[in-house]
Amino acid sequence: MARHPATPAAAPKVRVVTLKIDGHDIGAREDETILNAANDNGIRIPTLCYLEGLSEWGACRMCVVEVAGSPKLMTACSTRVAEGMEVTTNSDRLQRYRRTILELLFAERNHICSVCVSNGHCELQSLARACGMDHVRVPYRNAAYAVDSSHDLFRIDQNRCILCTRCVRVCDEIEGAHTWDVMGRGVDSQVITDLNQPWGQSTSCTGCSKCVQVCPTGALVKKGTAAGEMEKQGGFLPYLTEMRGNR
Amino acid sequence: MSRTIKIEPVSRIEGHAKITLTLGDDGRVEDARFHLTQFRGFEKFCEGRPFPEMPALTARTCGICPVSHLVASSKACDHLLSVAIPVTAGKLRRLMNLAQLVQSHALSYFHLSSADLLLGMDSAPEQRNIFGILAENPQVARDGIRLRQIGQTIIEILGGKKIHPGWMVPGGVNAPLAEEQRQKILAMIPEGLEIAKRTLSSFKALVGRFSEEIEHLGNFPSMYLSLVSPEGGLEHYDGVFRIKNAEGAIVLDKVPLVDYARIIGEAVEPFSYMKFPYYLPAGYPNGIYRVGPLARLNNCDFCGTPLADAALEEFRALQPGKPVSSSFHFHYARLIEIVYGLERMGQLLIDPEITSTRVRARARGNNSEGIGVAEAPRGTLIHHYKTDADGLMTWANLIIATGHNNLAMNRAVKQSAQHFVDGNDLKEGALNRVEAVIRCYDPCLSCASHAFGQMPLEIELVDASGEVVDRVTR
């Protein structure tokens, strides 16, 4: 069927649904996520891999919520709202799960906060504090990961990486370079530059620092920073996304 | 039949240690050893890390003297950056180093050793601690706690935290000193000085009671190693190496700090996790030397502050024309250094340059090797790093202040044990004197071994067949 380019496209019809989040009656567009609907209504759900302005990933599971009628927990960042949905964002069970997720993240790699350049400015650390994670009950893996300091300006310390893939997404979706990607499977997964070449030898990296600024931990940092000195400036992202529209 | 006495753990020191005394058939002490029993391995796990992390990482060896590691490590990193840091940054680092000198010396004297001195070496062990002092002489306990608090508070004002401040960084410090902070610190100096002066006076009055200890608690000839300023003055932050011999003659002078490996060798012994540094040209173990407050005062020509210089003159009169050789007088030297530290901080704080906002030099790793040396409260501290082309650590060597004194501590333990301990009639007070000689050196064993844990000490008495015949444990 021939198109009529002169005719403006009709705005897609999006229904509004009503649902309950933590007992509050809420109206939301049907294409919204639970996380967005909650945020719009001042209900805060902890997140880690999610970042406004980037695609949803659902990797970290920090934003898990309970949905009435479903035995399993849902990630608020990647689950759409639905008519009549009843969502609980905070319960003993959820708190227990979130703390456990954090403990597993801390145990998986080396997150010794006291000597980390992001100490005091780290989303993982802040979440641990906010969620009351005061112990790690699983054994630390104590696996040694490489530090790649070959880039002129930045450094990747795999020991501090939680595989949130914010760097992968921002580099692909916003900068358009797609320097970052994920290699390996399961516990062996690692973010890599180009085809696992040293970052300093990457021909696709533009040196824009977006990956560094959105990284929630001390994994991607500016070189020359001492312990506690790495403060990220991630505020540019929603603005950039909005100004670019869908381009 | 010979026997062995083990003192384990050694009490009122910083870190884990034990002492072994070997007795001959006649029950007299034939040999004595001071063992460091724990291992941490900081030098190894620094490898692979980016060098700008080193000040914070190496400072974690110790919660008592983290600032010393911050200073030595930051200086080693300056060397890696290949920069001369802003003058004010150097003065601010010096200020924090002196604040730590005051708090650490106060801890050593009041909290760890004053009980031996004020209550007596033979007093009941249950009372022979800071709480005993509190009961017996509350003013002394208050003075000790307050003096330590002054030092710690100055560190906090400068670096934001009392323990492990992150303020000292490669290239300088990461925040200048505000006028308000300067005034706050200045306001504390007079009270600190009053405490320091009255403590020094009361110590001088006590000295007469300890003539036997002065004679036999680690009183032997040795060389002395310390930093001195280029003019020969007392120095804690920078300067050059000076070594004097037992007669007080200068053996080496004006040795640049980066040349430490030319004068210091490190040996290891199977009985301790602490290395045995020695004066390289004299070989091991003949190259025994001492570091720390006693060595610094023996080596310097002057202190450079009025009260400390007057005190230094009196100190020198203890052994005119020669270095003061009794390890007991580490205490005396420590108290003079507290006076000096407070006076010198006062001098630095009235320097108009101290509030300059130019406090950091920025550069990338330009050298592949960096050496940083400073005087920690317990003696000369050396950090030596090597990095790859990307600035990642490939090698680290830390020569800790307490380590330098290892040969001397072993000799001192043997001397005091031979004089005070009778294997046929083991007395707690005699064993306490063996521990007390260790306390003279104020060893920081968590630093020296990179040991980890609480702070106990044990003495064991072993006979010639290796059988433990007695043990004193705390």
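No value in this document is a laboratory result; all are computed from the given coordinates. Only a predicted model underlies this, so the values are computations on that prediction, with no experimental measurement involved. Cβ: placed from backbone, ideal geometry, glycine included. Neighbour counts: every protein chain shown.
Brief remarks follow.
- Across region A:56-70, computed HN-Hα scalar couplings (Karplus, 6.51 cos²θ - 1.76 cosθ + 1.60, θ = phi - 60°) run 7, 10, x, 8, 7, 6, 5, 8, 4, 9, 9, 10, 4, x, 10 Hz from first to last residue, x flagging Gly and Pro.
- Taking region B:220-325 and dividing mean pair separation by its residue count, relative contact order in percent (alpha carbons under 8 Å, at least six apart): 30
- Counting other Cβ atoms within 10 Å as a rough exposure proxy, the listed residues B:414, A:72 run A:72, B:414 from fewest neighbours to most.
- Across chain B, C-alpha contacts under 8 Å between residues 6 or more apart give a mean separation that, scaled by the residue count, equals a relative contact order of 33 percent.
- For a straight C-alpha distance cut-off of 24 angstrom, the lysines reachable from residue A:72 (same-chain residues fewer than eight places away being disregarded) are A:20.
- By DSSP, the beta bridges lying fully in the protein assembly as shown are antiparallel in about 85 percent of cases.
- Here's how it looks for residue A:178: its modeled amide H is under 5 Å from those of A:172, which are all 5 or more places away or on a different chain.
- The 3J(HN,Hα) values that the Karplus relation (6.51, -1.76, 1.60; θ = phi - 60°) gives for region B:367-374 are, in residue order, 9, 9, 9, x, 10, x, 10, 8 Hz. Gly and Pro appear as x.
- Annotation for residue A:236 and residue B:149: the two label points, set 7 Å from Cα along the Cα-Cβ direction, are 4.8 nm apart.
- For chain A, calculated [θ]222 nm from helices alone, where every DSSP H run of n ≥ 4 adds -39500 (n - 2.57): -5500 deg cm²/dmol
- When you filter the GluC sites (Glu not before Pro) in region B:304-341 for DSSP loop state and at most 14 other Cβ atoms inside 10 Å of their Cβ, nothing is left.
- For residue B:220, residues with placed amide H under 5 Å, excluding near neighbours: B:327
- Counting only alpha carbon atoms, the long axis of helix B:87-106 and the longest principal axis of chain B meet at about 20°.
- For chain B, the longest principal axis of the alpha carbon atoms and the long axis of helix B:330-349 meet at an angle near 10°.
- A prolate overall shape is assigned to the protein assembly as shown, the ratio a/c of its alpha-carbon gyration tensor axes (a ≥ b ≥ c) being 1.5 or greater and a/b exceeding b/c.
- Within a Gaussian network of chain A (alpha carbon springs, distance under 10 Å), most fluctuating of A:39, A:159, A:110: A:39
- Cα-based shape type of region B:296-388, given that a ≥ b ≥ c are square roots of the gyration tensor eigenvalues and the cut on a/c is 1.5: oblate
- Average beta carbon contacts from partner chains per residue of B:42-53, 10 Å cutoff: 4
- Estimated 222 nm signal from helices in chain B, with DSSP H stretches of n ≥ 4 weighted -39500 (n - 2.57), rounded to 500: -12000 deg cm²/dmol
- FRET efficiency for residue A:82 and residue A:114, using Cβ-Cβ distance with R0 set to 41 Å, rounded to 0.05: 0.35
- Full extension of the segment from residue B:356 to residue B:246, taken as 0.36 nm per residue of separation minus the current Cα-Cα distance, would add 35.3 nm.
- Exercise: per-residue mean of other protein chain Cβ atoms within 10 Å, A:223-234: 5
- In this rough spin-label picture, where each label sits 7 Å from Cα along the Cβ direction, the residue A:100-residue B:418 distance is 6.6 nm.
- Rounded, prolate or oblate (a/c below 1.5 giving rounded, otherwise prolate when a/b exceeds b/c) for chain A by Cα gyration tensor: oblate
- Amide H to amide H distances under 5 Å link residue B:376 with B:381, where only residues 5 or more positions off or on other chains count and H is placed in the peptide plane.
- Note on residue B:266 and residue B:198: their simple-model spin labels are 4.4 nm apart, each label 7 Å out from Cα toward Cβ.
- The phi-based Karplus calculation (6.51 cos²θ - 1.76 cosθ + 1.60; θ = phi - 60°) puts the 3J(HN,Hα) values of region B:292-297 at x, x, 4, 5, 5, 6 Hz, whole numbers, x for Gly and Pro.
- Estimated FRET transfer efficiency when R0 is 45 angstrom, pair residue B:180-residue B:258 (beta carbons, to 0.05): 0.75
- For the residue pairs A:223/B:161; B:244/B:322; B:91/B:162; B:162/B:204; B:18/B:427, the alpha carbons lie more than 21 Å apart in A:223/B:161; B:162/B:204.
- Pairwise FRET efficiency - residue B:313 versus residue A:130, Cβ, R0 = 41 Å, nearest 0.05: 0.10
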